[in-house]
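First up is the structure itself, then whatever we jot down about it.
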Amino acid sequence: MIAGRPARPAPSFITQVAIVCTVVLCYVTALAGGWTLDDPYVILGNPLVHTPTVIWAAFTHPYWPAGLGWGQYRPLVILAFALDWAVSSGAPWWFHLVNLAWHAAASILVWRLARALLPSPEALPGAVVAALWFAVQPVHVEAVASIVGRSDIMAATFVLAGLLAHRQGQRRAIMWYALALGSKESGAVLVGLALCYDILCTPDWRATLAARRHLYVGYLLVLAGYGAALAMLFQGKELVQPALLWVGMPAIDRWLTMCAVIPHYVRLMLVPAQLLVDYGPAVVEPQYGLTVPVGLGVAFLAAWIAGVVAARRAAPAVAFGLLWFAVSVAPIANVLFASGVVLAERTLYLPSVGVALVMGWAADRLLTTRPPVARVALAAAALLLVVRTWTRIPLWHDNKSVIVGSLIDEPDSYRMHALAAVALVQGGHWREAGAQYASARHFYTKDPRSYRAGAECALALHEPLTALALLDSAIAIAPTDATPMLRVADVRASLGDWHGALVAARRAYGLAPDSLRAVQLVQIAGGHLGDTAVVDTTFRRALADHPNDPRLRLAYATILHQRGDTAGAFRVGLPGIGTLMRDARQ
């Protein structure tokens with residue numbers, strides 16, 4: 001350094017600043033956005049996010065709040081949202097800003113990983129291309145512009161940090177793995193990615209695996225602890241509810257359908273011109289044989305395998321990038337098990353890192369062999385990606401823009417019609433909401449929720465017969481679901497059809513023994529019909545199922561007392577009174 005002159009910033013520092021600036025300039029308009037799709041349920045309606053004194057309860061509760069299902073475990077994301085809420089008092093712009101910061105961090109880590117895989121000085125432009133391609137990739141708009149998409153960004157960031165630490169043999173990689181799992185279940189793939197790296201990208205993979213044995217033991221211990229936490233929290237309940245498309249579908253047909261999804265993966269990674277919120281039946285149709293989409297997917301799969309084999313020795317970075325995509329997409333590939341999505345753009349956030357690595361390697365080769373052509377091509381590709389990202393962000397401004405824009409882009413999406421109906425219900429527009437639910441049923445006939453919700457619209461419009469017909473359809477689609485059956489009992493009771501209410505309520509209790517509302521309806525209907533035997537039978541069964549429920553005991557004791565059976569009422573009701581008094585003292 002020449003005396004008297006300030007030191008120039010290191011090239012790596014300048015590169016990282018440029019990556020951050022690119023992310024900010026590309027996504028700055030997202031700061032004006034509000035809450036969309038799942039944001040109100042996970043953030044606005046979640047007491048764990050709003051109450052700092054119980055913030056650590058995020059580690060003892062599932063991701064979805066009570067009443068919205070029971071699935072997934074992402075305590076670090078809930079913790080992050082709670083911190084955002086405490087800082088911003090619930091201002092959505094702050095949540096969006098933090099999402100941008102996470103995306104910038106992930107983009108920098110992609111650059112560091114690409115630089116590590118392409119270590120020669122000539123490869124530096126390739127690492128920059130990989131990071132910038134990742135930073136402006138339009139497929140990432142859903143993950144970045146939708147606040148709850150942070151789970152994908154956080155998990156990817158921790159996986160990248162973990163892999164960078166793993167390649168250095170640092171024990172902190174185990175910590176990053178734990179953080180990735182705490183952000184989203186897809187973080188589990190770090191172990192597979194580390195194994196691929198050690199085998200493909202080290203001179204002596206056997207010696208490398210032996211030297212890093214302690215890291216793999218740590219990963220397995222973290223994974224075991226994570227599995228134990230899930231077992232205690234969910235206790236036999238499903239961690240993830242499978243997508244409706246997979247319900248009742250044999251594994252072979254699910255695999256064929258996923259083969260038809262592979263061309264969508266390729267298109268979204270290489271030519272992301274058409275982006276969709278919903279990849280439902282109108283986009284991804286079930287496949288039951290060797291169709292053209294299945295054949296195209298198999299061809300792409302064969303080309304991928306050939307690419308991995310060919311690049312194994314000639315270009316390990318390419319082979320690793322191709323395997324990265326496959327390993328990280330595995331949790332939602334629906335091969336070993338049915339996942340909760342068929343295809344969702346936000347879930348491609350982590351898999352796209354592998355494509356970024358391949359893009360960086362290709363850019364490095366082009367810049368070395370044909371610099372002028374490469375610079376023009378890269379500049380044109382960057383411009384197209386940035387423009388597509390800019391034009392996609394406004395769709396995620398708020399729920400109205402998501403719904404209206406999606407109905408324009410994908411008018412055959414039953415899910416978008418259902419979401420439009422939800423918005424109309426919130427505004428009290430029952431008839432319009434009913435029409436949207438009818439459209440949803442037209443485009444997809446196998447979702448019982450469209451029938452149940454349509455029935456509620458019909459009831460609000462005082463059309464009980466229409467509601468009963470829709471509820472019967474919901475029962476036909478999902479005969480083991482007690483919810484529509486219980487609603488049928490309610491509707492028939494309101495019509496004075498006590499026999500129909502009694503039959504429906506008994507069937508509902510048979511399907512859901514935890515439903516005390518079904519017992520109450522049996523009591524009401526049986527009382528109107530004078531059928532004391534069925535009331536006694538139902539209450540005795542319910543008491544056998546719930547012997548310590550004080551409300552159940554007192555309700556049955558009241559019935560016995562009204563019949564003049566004072567001794568029976570005392571015998572049944574006394575334990576219930578004792579339970580209530582004990583609870584009151586506590």
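The values are calculated or read from the model by the stated rules, or taken from the named source; none is laboratory data. What you see is a predicted model; the values in this text were computed from it and never measured. Positions of Cβ are generated from backbone atoms using ideal geometry, with glycine treated the same way; all protein chains shown enter the neighbour counts.
List every residue pair whose Cβ atoms sit under 7 Å apart, with the two residues 6 or more apart in sequence or on different chains, where the first one lies in region 263-278 and is assigned to a helix (DSSP H, G or I) and the second, anywhere, is crowded, with 19+ Cβ neighbours inside 10 Å and of a type in the set (A, V, I, L, M, F, W, C).
Taking only residues 6 or more apart or on different chains, the pairs are His264/Leu343; Leu268/Val139; Leu268/Leu348; Met269/Val355.
Within the bounds of region 530-537, is there any residue that is closer than 21 Å to Pro484 by Cβ and either surrounded by 16 or more Cβ atoms within 10 Å (Cβ to Cβ) or not polar (S, T, N, Q) (or both)?
no
Using beta carbons and a limit of 9 Å, which pairs, at least six apart or on different chains, have the first residue in region 521-545 and in contact (Cβ under 8 Å) with a residue 24 or more places away in the chain and the second one surrounded by 21 or more Cβ atoms within 10 Å (Cβ to Cβ) and not in a helix (DSSP H, G or I)?
none
Among the residues that make up region 98-108, is at least one of them small (Gly, Ala, Ser), within 13 Å of Val49 (Cβ to Cβ) and either surrounded by fewer than 22 Cβ atoms within 10 Å (Cβ to Cβ) or not assigned by TED's automatic domain parsing to the domain that holds Leu44 (or both)?
Looking for residues that are small (Gly, Ala, Ser), within 13 Å of Val49 (Cβ to Cβ) and either surrounded by fewer than 22 Cβ atoms within 10 Å (Cβ to Cβ) or not assigned by TED's automatic domain parsing to the domain that holds Leu44 (or both), one finds none in region 98-108, hence no.
Hey, can you tell me all the residues within region 429-449 that are more than 13 Å from Ser413 (Cα to Cα) and either under 25 Å from the mean Cα position of the chain (by Cα) or aliphatic (A, V, I, L, M) (or both)?
Ala433, Ala435, Lys446, Pro448, Arg449
The conditions are (1) closer than 17 Å to Leu160 by Cβ; (2) over 15 Å from the mean Cα position of the chain (by Cα); (3) of a type in the set (A, V, I, L, M), and Leu348 fails exactly one of them. Which is it?
Of the numbered conditions (1) closer than 17 Å to Leu160 by Cβ; (2) over 15 Å from the mean Cα position of the chain (by Cα); (3) of a type in the set (A, V, I, L, M), the odd one out for Leu348 is (2).
Taking the stated definitions as given, is Asp278 surrounded by fewer than 17 Cβ atoms within 10 Å (Cβ to Cβ) and of a type in the set (D, E, K, R)?
No: the conditions fail for Asp278.
Go through region 163-220 residue by residue and tally those that are within 17 Å of Ala319 (Cα to Cα), in contact (Cβ under 8 Å) with a residue 60 or more places away in the chain and either in a loop (DSSP other than H, G, I, E, B) or in contact with an Asp or Glu (Cβ under 9 Å, 6 or more places away or on another chain) (or both).
Qualifying residue count for the region: 1.
Can you confirm whether Ser473 is out of contact with any Lys or Arg (no Cβ under 9 Å at 6 or more places or on another chain) and outside any loop (DSSP other than H, G, I, E, B)?
No; evaluated as a whole, the condition is false for this residue.
Every residue in region 340-390 that is within 22 Å of Pro272 (Cβ to Cβ) and polar (S, T, N, Q), please.
Thr347, Ser352, Thr389
Could you list, in sequence order, all residues of region 279-313 that are part of a loop (DSSP other than H, G, I, E, B) and of a type outside the set (A, V, I, L, M)?
Tyr279, Gly280, Pro281, Glu285, Pro286, Gln287, Tyr288, Gly289, Thr291
Does region 292-310 contain at least one residue that is touching a residue at least 60 places away in the same chain (Cβ under 8 Å) and hydrophobic (A, V, I, L, M, F, W, C)?
No, every residue in region 292-310 fails to be touching a residue at least 60 places away in the same chain (Cβ under 8 Å) and hydrophobic (A, V, I, L, M, F, W, C).
When region 225-262 is examined, which residues are found to be assigned to a helix (DSSP H, G or I), touching a residue at least 40 places away in the same chain (Cβ under 8 Å) and under 30 Å from Ile403 (Cβ atoms)?
Once the filter is applied, which keeps residues that are assigned to a helix (DSSP H, G or I), touching a residue at least 40 places away in the same chain (Cβ under 8 Å) and under 30 Å from Ile403 (Cβ atoms), region 225-262 yields Leu244, Leu245, Trp246, Arg254, Thr257, Met258, Val261.
For a quick check of your reading of the model, give me the residue pairs whose first member lies in region 333-345 and is more than 21 Å from Trp396 (Cβ to Cβ), whose second is part of a loop (DSSP other than H, G, I, E, B) and modelled with pLDDT of 90 or more, with beta-carbon atoms closer than 8 Å and at least 6 apart or on different chains.
As it stands, the answer is Asn334/Val342; Ser339/Ala333, since those pairs meet every condition given.
Taking region 366-375 only, how many residues are surrounded by 11 or more Cβ atoms within 10 Å (Cβ to Cβ), part of a helix (DSSP H, G or I) and free of Cβ contacts under 8 Å to residues at least 40 places away in the same chain?
Total meeting the criteria: 5.
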